[in-house]
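Take a look at the structure set out below.
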Amino acid sequence: MSTSHVLLGLLASGPRHGYDLKRAHDERLPRARPLAFGQVYTTLGRLERDGLVRAAAQERAGGPDRTAYEITQPGRAELVAWLGAVEPPAPYVTSTLLAKVVVALMVADRAHAREYLIAQRAAHTARLRELTARKTDPGAALGAVIAADFAIAHLDADLRWLQTTLDRVGATNGEQ
Amino acid sequence: MILQCRGLVRSYGPTQALRGVAMAVDEGEILAVTGPSGCGKSTLLHCLAGITRPDAGEVIYRDQRVDLLSEAGRARLRRTEFGVLFQFGQLVAELTAAENVALPLLLAGTGRREARTAALSWLDRLGVADLAEKRPGEVSGGQQQRVALGRALVTEPRVLYADEPTGALDTLAGEQVLGHMVRLAREQRTTVVLVTHDARVAAYADRELALRDGVADPTGLGLNASAGRHAGSAR
Ligand SMILES: Nc1ncnc2c1ncn2[C@@H]1O[C@H](COP(=O)(O)OP(=O)(O)OP(=O)(O)O)[C@@H](O)[C@H]1O
Ligand SMILES: [Mg+2]
């Protein structure tokens, strides 16, 4: 689940309140389902329990929405690890891919985002080749061919998006 | 290594189609050449196949400098060692499928009967034996491409050059052409240079050479050899 990592990414630039995190999340990832407040707080709770964030300051006494959270050193390490990890190329990972690229652009530089995109594209391409080999195997059963088609169609859509994103990220190279 | 090039440069007037491309392909290997429209894929294929000459750089097929051959020398190479398949099969409209496939053999001096037998056997291997007496206008695009593939392979070339061979076909028809192409290439240990902008087509290859603005894309897959510097061209 990438929500916790998106929150970590949003906290990378400084402490924020729960409400602020929700707004920033929904704004940055307009295609993802809006975050429920409850989910923001459960996620923050889990991150706090794991030592990845901590309460930074409490403005007056009040509910959890008054608490600003900040990312910890282990939290940053976790974020960097997540950003560096290639997603297993499978159908429907696109929204995780999207989250990762948005967060990479937020907390790292374009070069980092590019590196990730290039590695992800390589993983997708390799998988596409595997599926194509499986599908063209003369002994492949119809069901296997259809399943491969399904995966190929989705991976191909992802790949086109990855390439376009690479082009966009590369196009303004040097500005940031 | 059966085919390689180094430092290939080719311009059309002010347009630099190739700006220093290096690549190498092994015997029996299937190499996909990919990249966005206008990046120089077809120009590279034409230089490799001896259809056009580069302005600079070397094309080496086995021990021969293809770029240094005369027009006649390159034509001989294309007749005997190379096969070419384009997006639209470019079959001769007046000839039947069997006659189209037999044509390269007849041009090479093979006798009529022998050429026809070979043509029929290729049509059979490509699953279009029943179309032998049909003219291109009487069969589907996918069937035409299979006939064109037969014509490209009938001379048993060592290198097959295919430029968007399925670009005009729907998924299933394209799949049949690619499936036959890959299977026959493997059987004959034919080297294939497959130009495409479609990742699903490139996935049939063993390896990919990504081009961008006339050079190997430094972020692309496959070998990026010592192709010229990518001078931060904006896109
Ligand atoms: N005969 C020609 N005359 C003038 N310009 C040409 C010629 N052939 C190619 N070009 C130019 O050279 C560049 C590379 O063209 P090329 O056909 O090799 O690209 P491509 O990668 O095959 O593109 P596509 O995917 O659209 O087929 C383009 O800018 C093109 O306009
Ligand atoms: Mg072309």
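Brief remarks follow.
- Failed item in (1) away from ligand 2 (no atom under 16 Å from the Cβ); (2) surrounded by 17 or more Cβ atoms within 10 Å (Cβ to Cβ); (3) at negative phi, with B:LEU48 passing the rest: (1)
- Residue match in the stretch B:21-43 (condition: touching a Phe, Trp or Tyr at 6+ places or on another chain (Cβ under 8 Å), within 14 Å of ligand 1 (Cβ to nearest atom) and part of a loop (DSSP other than H, G, I, E, B)): no
- Candidates are the residues of the stretch B:138-176 that are within 16 Å of ligand 2 (Cβ to nearest atom) and among the hydroxyl-bearing types (Ser, Thr, Tyr); the one that is modelled with the lowest pLDDT is B:THR166.
- Spans of helices (runs of 4 or more DSSP H) in the stretch A:71-176 with at least 1 residues on the phi > 0 side of the Ramachandran plot and away from chain B (no Cβ under 12 Å): none
- Count of the stretch B:157-183 residues which are within 14 Å of the chain's Cα centre (by Cα) and on the phi < 0 side of the Ramachandran plot: 14
- Search result, residues across the stretch B:170-212 that are away from chain A (no Cβ under 14 Å), of a type outside the set (Val, Ile, Thr) and buried (at least 21 other Cβ atoms within 10 Å of the Cβ): none
- Qualifying residue in the stretch B:16-35 (condition: surrounded by fewer than 18 Cβ atoms within 10 Å (Cβ to Cβ), closer than 25 Å to A:LEU159 by Cα and not small (Gly, Ala, Ser)): no
- Residue satisfying condition, being closer than 20 Å to B:PRO36 by Cβ, at pLDDT 90 or above and of a type in the set (Asp, Glu), within set A:ASP156, A:ASP167: A:ASP156
- All positions within the stretch B:161-204 that are small (Gly, Ala, Ser), away from ligand 1 (no atom under 16 Å from the Cβ) and farther than 14 Å from B:LEU149 by Cβ: B:ALA203
- Residue pairs meeting the criteria (Cβ under 8 Å; at least 6 apart or on separate chains; first within 14 Å of chain A (Cβ to nearest Cβ) and within 12 Å of B:LEU3 (Cα to Cα), in the stretch B:39-62; second near ligand 1 (Cβ under 10 Å from one of its atoms) and part of a strand (DSSP E or B)): none
- Any hit, the stretch B:2-12, residues being in contact with a strand residue (DSSP E or B) (Cβ under 9 Å, 6 or more places away or on another chain), of a type in the set (D, E, K, R) and buried (at least 21 other Cβ atoms within 10 Å of the Cβ): yes
- Qualifying residue in the stretch A:21-28 (condition: modelled with pLDDT of 90 or more, among the aliphatic types (A, V, I, L, M) and within 16 Å of the chain's Cα centre (by Cα)): yes
- Check on B:THR80, at pLDDT 95 or above and either surrounded by 19 or more Cβ atoms within 10 Å (Cβ to Cβ) or over 21 Å from B:GLY179 (Cβ atoms) (or both): no
- Where B:THR52 falls short, out of the listed (1) of a type in the set (S, T, N, Q); (2) outside any loop (DSSP other than H, G, I, E, B); (3) touching a helix residue (DSSP H, G or I) at 6+ places or on another chain (Cβ under 8 Å): (2)
- Residue check, B:THR43 surrounded by fewer than 20 Cβ atoms within 10 Å (Cβ to Cβ) and either among the hydroxyl-bearing types (Ser, Thr, Tyr) or touching a helix residue (DSSP H, G or I) at 6+ places or on another chain (Cβ under 8 Å) (or both): no
- Screening B:GLY83, B:GLY73, B:GLY50 for residues that are touching a Pro at 6+ places or on another chain (Cβ under 6 Å) and more than 13 Å from ligand 1 (Cβ to nearest atom) leaves exactly one candidate, B:GLY83.
The values are calculated or read from the model by the stated rules, or taken from the named source; none is laboratory data. All values derive from a computational prediction rather than experimental measurement. Note: ideal-geometry Cβ built from the backbone for every residue, glycine included; neighbour counts use all protein chains shown.
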